[in-house]
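Novice: Before I ask anything, here is the structure I am working with.
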Amino acid sequence: MTAIVVLPFVALGVAIFLAWGRGIALVDLLLSAGFYAVTGLGVTVGFHRLITHGSFTARPWLRVALGLSGSMSFQGNVIDWVAVHRRHHAFTDRPGDPHSPYRYGTSLRGQLRGLAHAHLGWMFVDDATSAERYAPDLLADPAMVRVARAFPALCALSLTLPFLAGWAISGSLYGGLTAFLWAGLVRVALLQHVTWSVNSLCHVIGSRPFRTRRHDRSTNLWPLALLSFGESWHNGHHSEPTCARHGLERGQIDPSAGLIRLFERLGCATDVRWPDPHRIQRRRADDLQQARAPS
């Protein structure tokens, strides 16, 4: 776990040093964007909206493909990822939540310590999440079990493919190495920290237009919307966990929902749980407060 967290971050520093005064090759930039999108959407559409919450039904080959691409993000195997996230929803921002930023209270010191814990500290705490309790359906799914077991090989593939693509396109070993650095390790570091920011920042900073459960302090944080493929509309998600779209308000960018819509039109996804306007309106926090206000 330490290597998965530390190595990509160290690589970011190396990449910046090498790029100083030289810039980044267009090939490396395009490969980075491509691999970021493939692996990131594997997490948001596959791990999260499909496999964790059942926001839609996917054909078996698509379910496996999304599981494979999400596994290449270096965020853990699919079964453990799903188990942790379901536990997070079961105990959001109260004892039992594996990565709540309120673990150490709401004082300034406690909040800063809690943010560090929610961002990545929780992965180094001896507080294992039981897959038998939170993901028994996946343990009974032979395809998902095979995807989970392939996690180490998929991580290796996630770094090997950029190297081979960079080598093939540039025609040089140096081109392969820079692609390995930017589209491999740096891309992993960026995606990891964007994902972890949803765990940390999106429970402390931002707006809360929709009501959630009593202890739930999830927020919408618009600056992360594009990089997180719509996951930072976190208050919307916690208000309607099984909804395929997290950006519940007009104009909220949600690329993950756009991809699900494409899958639906191609016939690869069915039973998509799109937002119900009437239900969404009933869950607006300001409407709830007005209803409770004395006349």
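The values are calculated or read from the model by the stated rules, or taken from the named source; none is laboratory data. What you see is a predicted model; the values in this text were computed from it and never measured. Reconstructed Cβ throughout: ideal geometry from the backbone, glycine too, with neighbour counts over all protein chains shown.
Novice: Looking only at helices (runs of 4 or more DSSP H) that lie completely in segment 15-95, which have at least 1 residues being at pLDDT 95 or above and more than 21 Å from Leu159 (Cα to Cα)?
Specialist: 60-71, 78-90
Novice: All but one of (1) without any contact (Cβ under 8 Å) to a residue 60 or more places away in the chain; (2) surrounded by fewer than 22 Cβ atoms within 10 Å (Cβ to Cβ) hold for His89; which doesn't?
Specialist: (1)
Novice: Name the residues in segment 230-241 that are part of a loop (DSSP other than H, G, I, E, B) and over 15 Å from the mean Cα position of the chain (by Cα), would you?
Specialist: Correct list: Glu240 only.
Novice: Every residue in segment 261-285 that is of a type in the set (Val, Ile, Thr) and either more than 19 Å from Gly230 (Cβ to Cβ) or assigned to a helix (DSSP H, G or I) (or both), please.
Specialist: Those that are of a type in the set (Val, Ile, Thr) and either more than 19 Å from Gly230 (Cβ to Cβ) or assigned to a helix (DSSP H, G or I) (or both): Thr270, Ile280.
Novice: Which one of these does Arg214 not meet: (1) under 21 Å from His53 (Cα atoms); (2) at pLDDT below 95; (3) in contact with a helix residue (DSSP H, G or I) (Cβ under 6 Å, 6 or more places away or on another chain)?
Specialist: That leaves (3) as the condition not met.
Novice: While we're here: Can you give me the number of residues within segment 255-272 that are more than 14 Å from Leu50 (Cα to Cα) and touching a helix residue (DSSP H, G or I) at 6+ places or on another chain (Cβ under 9 Å)?
Specialist: Residues flagged as more than 14 Å from Leu50 (Cα to Cα) and touching a helix residue (DSSP H, G or I) at 6+ places or on another chain (Cβ under 9 Å) within segment 255-272 amount to 1.
Novice: Applying the selection to segment 112-129, what residues are more than 20 Å from the chain's Cα centre (by Cα) and not β-branched (Val, Ile, Thr)?
Specialist: Leu112, Arg113, Asp126, Asp127
Novice: Taking Ala156, is it modelled with pLDDT under 95 and part of a helix (DSSP H, G or I)?
Specialist: no
Novice: Right, here's the next one. Looking at segment 96-105, can you tell me whether even one residue there is in a helix (DSSP H, G or I), out of contact with any Asp or Glu (no Cβ under 7 Å at 6 or more places or on another chain) and either surrounded by 22 or more Cβ atoms within 10 Å (Cβ to Cβ) or at pLDDT 95 or above (or both)?
Specialist: No, every residue in segment 96-105 fails to be in a helix (DSSP H, G or I), out of contact with any Asp or Glu (no Cβ under 7 Å at 6 or more places or on another chain) and either surrounded by 22 or more Cβ atoms within 10 Å (Cβ to Cβ) or at pLDDT 95 or above (or both).
Novice: I would also like to ask the following. Picking from Pro142, Pro223, which residue would you name as being free of Cβ contacts under 8 Å to residues at least 12 places away in the same chain and within 28 Å of Trp61 (Cβ to Cβ)?
Specialist: Pro142
Novice: Let me ask something else about it. Got at least one residue in segment 185-200 being touching a helix residue (DSSP H, G or I) at 6+ places or on another chain (Cβ under 7 Å) and assigned to a loop (DSSP other than H, G, I, E, B)?
Specialist: Checked segment 185-200: no residue is touching a helix residue (DSSP H, G or I) at 6+ places or on another chain (Cβ under 7 Å) and assigned to a loop (DSSP other than H, G, I, E, B).
Novice: Among the residues of segment 218-244, write down those that are closer than 20 Å to Arg279 by Cβ and among the small types (Gly, Ala, Ser).
Specialist: Hits for segment 218-244 are Ser218, Gly230, Gly236, Ser239, Ala244.
Novice: Moving on. Restricting to segment 249-260, give me the number of residues that are surrounded by fewer than 24 Cβ atoms within 10 Å (Cβ to Cβ), touching a Phe, Trp or Tyr at 6+ places or on another chain (Cβ under 7 Å) and assigned to a loop (DSSP other than H, G, I, E, B).
Specialist: Total meeting the criteria: 1.
Novice: Touching a residue at least 24 places away in the same chain (Cβ under 8 Å) and surrounded by 17 or more Cβ atoms within 10 Å (Cβ to Cβ): is that true of Gly236 in this structure?
Specialist: Yes: the conditions hold for Gly236.
Novice: Any idea which of Ala118, Ala143, Ala128, Ala148 is under 15 Å from His88 (Cα atoms), in a helix (DSSP H, G or I) and small (Gly, Ala, Ser)?
Specialist: It is Ala118.
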